[in-house]
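Novice: Before I ask anything, let me first share the structure, which is written out below as structure tokens.
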Amino acid sequence: MSVDKLHSGIVAPQGVWWKPAAQQERVWVTVAFVWCMILFASMPFWHFKGGQNPSGIRAKVAAADFQARTDRFVKEYQVGTDQGIPVVQAPAGSDLYLIGRMWSWYPVLKLKKGTEYTLHFTSMDVNHGLSLFPINLNFQVVPGYDYALRVVPNQSGEFKIICNEFCGIGHHTMVGKIIVED
């Protein structure tokens, strides 16, 4: 191809380079637009009636206040350490606290199967994703917000907490742990 036939975004091509959309193309664009509007209009319905939204407790929180609550929780219920991170076992019905920060989850939680807890979590620095492996449980952990879930572990084992929201150079090392015992 010769250089004189090339063009860029700065120099417009010569001649008629566009044509009005054909009838069939206009029909499909209209169908796509109408379908987008139907999905958009159904969002409030699914927000309130859909089963995908967790029934959690949300509140704004200062990082220092959440850190103080977590430190009291660890001091009161610590039963050991795991690679230098405190392992905490709280009684049934307790509030549990979990902090996400670059690049760790703090503390390790030890729970009893079939017991209800309220799990509070927040981030101290940037957005993190809380993914409980191998269970399909995913949450966005946002700084400045205390997000609490009422949980009842229904299977025992060791579960990994993996950050699934890129949070920096050490993101791949951000793995925490929840231990569920019978």
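The values are calculated or read from the model by the stated rules, or taken from the named source; none is laboratory data. Model, not experiment: these values are computed from the prediction. Cβ placement follows ideal geometry from the backbone for every residue including glycine, while neighbour counts extend to all protein chains displayed.
Novice: Against the definition (over 16 Å from the mean Cα position of the chain (by Cα) and basic (Lys, Arg)), how does residue 75 come out, yes or no?
Specialist: In short, yes.
Novice: Given the conditions (1) over 17 Å from the mean Cα position of the chain (by Cα); (2) surrounded by 18 or more Cβ atoms within 10 Å (Cβ to Cβ); (3) farther than 23 Å from residue 65 by Cα; (4) not charged (D, E, K, R), and given that residue 159 satisfies all but one, which numbered condition is not satisfied?
Specialist: Answer for residue 159: the failing condition is (1).
Novice: Exposed (fewer than 10 other Cβ atoms within 10 Å of the Cβ) and either among the hydroxyl-bearing types (Ser, Thr, Tyr) or at pLDDT 95 or above (or both), is that true of residue 42? Walk me through how you get there before you give the answer.
Specialist: Details: exposed (fewer than 10 other Cβ atoms within 10 Å of the Cβ): no; either among the hydroxyl-bearing types (Ser, Thr, Tyr) or at pLDDT 95 or above (or both): yes.
The answer is no for residue 42.
Novice: Which residue out of 14, 78 is of a type in the set (S, T, N, Q) and either more than 28 Å from residue 143 (Cα to Cα) or touching a Leu at 6+ places or on another chain (Cβ under 6 Å) (or both)?
Specialist: Going through 14, 78 in turn, the sole match is 14.
Novice: Go through the range 131-156 and give me each residue that's in a strand (DSSP E or B) and more than 17 Å from residue 59 (Cβ to Cβ).
Specialist: Correct list: 131, 132, 133, 137, 138, 151.
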